[in-house]
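In what follows, a single structure is set out as structure tokens and then discussed.
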Amino acid sequence: NLSHKQITEKNPNILEADEIARKVGCGAVVFNDLKNHRTLDYDFDMEKMLKFEGQTGPYLQYTGVRIASILRDNTYDVNNIDPSLFANDIYFELARSIGEFKGIVARACEESAPSVIAKYLLGLAQIFNKFYANVKINVSDEKVKNTNFMIAHATRIVINEGLRLLGIEFVEQM
């Protein structure tokens with residue numbers, strides 16, 4: 001199966017490759033179906049759907065896996081953060097996007113449009129990946145590190161919950 005091949009090429013030593021490939025493959029098809037408004041047509045291209053970049057389910061799952069690997073074996077204290085960091089555009093943009101989730105879910109329900117959640121999740125993942133590329137997350141300053149881990153964890157919760165609402169399973173590794 002194509003998803004199994006892509007996952008084992010990326011990570012040859014992955015445990016539970018069959019189960020992960022099933023989750024990624026199913027997630028790719030479901031996400032591709034739900035990311036566009038229900039009145040729009042789309043092409044069914046399995047290779048495109050399974051890419052780990054772009055507007056795909058695996059991109060979202062991979063972002064969640066990236067965050068899980070950042071958080072793995074690390075603890076943080078939400079009571080010891082640096083709120084001044086949120087004056088920085090990249091922190092503010094990520095926090096603002098996380099805060100929009102409740103309204104996005106309500107809008108998706110009102111419009112009977114899961115594509116609203118799908119498009120939101122793609123945007124959130126892009127913002128997080130920009131954050132990840134520009135901010136060293138695991139730093140020696142405790143308050144900064146706690147802030148970084150807290151916002152990464154919040155992002156992962158929202159991505160996983162959004163995927164769950166779309167009927168897509170999240171994965172711990174890829």
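The values are calculated or read from the model by the stated rules, or taken from the named source; none is laboratory data. The structure presented is a predicted model; accordingly, all values stated were derived computationally and were not measured. Cβ atoms come from the backbone with ideal geometry, glycine included; neighbour counts cover every protein chain shown. For accessibility, only protein heavy atoms count, side chains too; no ligands or nucleic acids. Shrake-Rupley method; radii C 1.70, N 1.55, O 1.52, S 1.80 Å.
For segment 95-166, the per residue solvent-accessible surface stands at 46 Å², with DNA, RNA and ligands left out and a 1.4 Å probe.
Counting protein heavy atoms only, segment 78-174 has 55 percent of its accessible area on carbon and sulfur, 1.4 angstrom probe.
For segment 99-145, the square roots a ≥ b ≥ c of the C-alpha gyration tensor eigenvalues yield an a/c of 1.5 or more together with a/b exceeding b/c, which makes the shape prolate. For the pair K10 and Q173, label points projected 7 Å from Cα toward Cβ lie 1.4 nm apart.
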